[in-house]
Amino acid sequence: MTTITDAILLGYGGSEHSKTALAWADELAVELSRPLQVFVSALHVAAVADVPKEYQAAHVSDELDRILASAKTGNSAVSTVLRTPGEALVDAAESAYLTVLGARTQGPLQSVLNGSVSQYVIRHASGPVVVVRELPSARAGRIVVGVDGSEHSLRALEFAMRHAQETSRSVLALQVFKQPEKATDAHIEQATARVTENFSGVRTEVRRVQGIAAEEIAKASGDADLLVIGTRGQGPIRTLLLGSVTQSVLERAACPVAVIH
């Protein structure tokens, strides 16, 4: 199995939510002029009626080939692996530009919250992971990123700024405070300014609102193209939890969410 360097990496299992993620990844690959690499695990594909179990993986791969034949990108590759999808994607993510995963749209994000492939990859992948629950219904050409002055939120801001620069979008850096006396914070302002000044060509708005962080960040995603959020942890602790704000945003967001470690 060969991993393509700096590709848009997608985990595909034949389900409807993985097809939605494929559509999003296809558009991004074209926009960034990057290759699209799709991983299919023979151990983890959606069940297909009237297809014997031993032929399920082949059926999904054939269907994927037909979809990619009409995709917007002309630069795609499919890799079928005999490993669990989470492990295969985490290994390949080391050399990918970012990794894209689909998630169910019904109710809470069970595929993210209960130890599934998405949860595993988000916790363990070394690079950015984008979870696509549904495609944005209204696009304002804006990327929203939550900032609180911490190192992980500044890494998220840097990713958002760089991605905005590459895709000709604007950035809304959102700071949420609970108490009125926290409406201004010199540390957060200075830290945010240090990152944004390196991307002078990107239209950037820094907005401060009072409320609950996860709710306000998710609310701001209503007309965004992408929501970016940082999550704590660079070592073993990362494999145990993502943080309540990250989890809640993944449940509530109205657009794809990029999780940055």
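The values are calculated or read from the model by the stated rules, or taken from the named source; none is laboratory data. On a predicted model such as this, the values are computed, not experimentally measured, just so you know. Using ideal geometry, Cβ is built from the backbone for each residue, glycine included, and neighbour counts are taken over all protein chains shown. These area figures cover heavy atoms from the full protein model, side chains too; ligands, DNA and RNA do not enter into them. Shrake-Rupley method; radii C 1.70, N 1.55, O 1.52, S 1.80 Å.
Before moving on, here are some points about what is shown:
- In the chain, the calculated helix contribution to ellipticity at 222 nm averages -11000 deg cm²/dmol per residue, counting -39,500 (n - 2.57) for every DSSP H run with n ≥ 4.
- Stretchable slack from GLU87 to ALA47, in nm (0.36 nm times residue separation minus alpha-carbon distance): 12.3 nm
- The overall shape of the chain, judged from the alpha-carbon gyration tensor, is prolate: a/c is not under 1.5, and a/b is greater than b/c.
- Local electrostatic count, ILE67, Cβ distance below 14 Å [Lys/Arg +1, Asp/Glu -1]: -3
- A protection proxy built from the mean count of other Cβ atoms within 10 Å ranks the segments 151-159, 163-171, most packed first, as 151-159, 163-171.
- For the chain, lysine pairs with C-alpha atoms less than 29 angstrom apart, excluding pairs fewer than eight positions apart on the same chain, total 5.
- Cα gyration tensor category, rounded, prolate or oblate, for the range 122-167 with a/c compared to 1.5: oblate
- Dipole of the chain, positive end: most advanced residue of SER70, TRP24, THR192 [Cβ charges, Cα centre]: THR192
- When DSSP beta bridges are restricted to pairs lying wholly in the chain, around 10% turn out antiparallel.
- In terms of its C-alpha gyration tensor, the range 1-110 has a rounded overall shape, because the principal axis ratio a/c (a ≥ b ≥ c, square roots of the eigenvalues) stays below 1.5.
- Computed with a 1.4 Å probe over protein heavy atoms only, the accessible surface of the chain comes to 46 Å² per residue.
- Solvent-accessible area assigned to carbon and sulfur over the range 53-107 amounts to 48 percent, based on a 1.4 Å probe.
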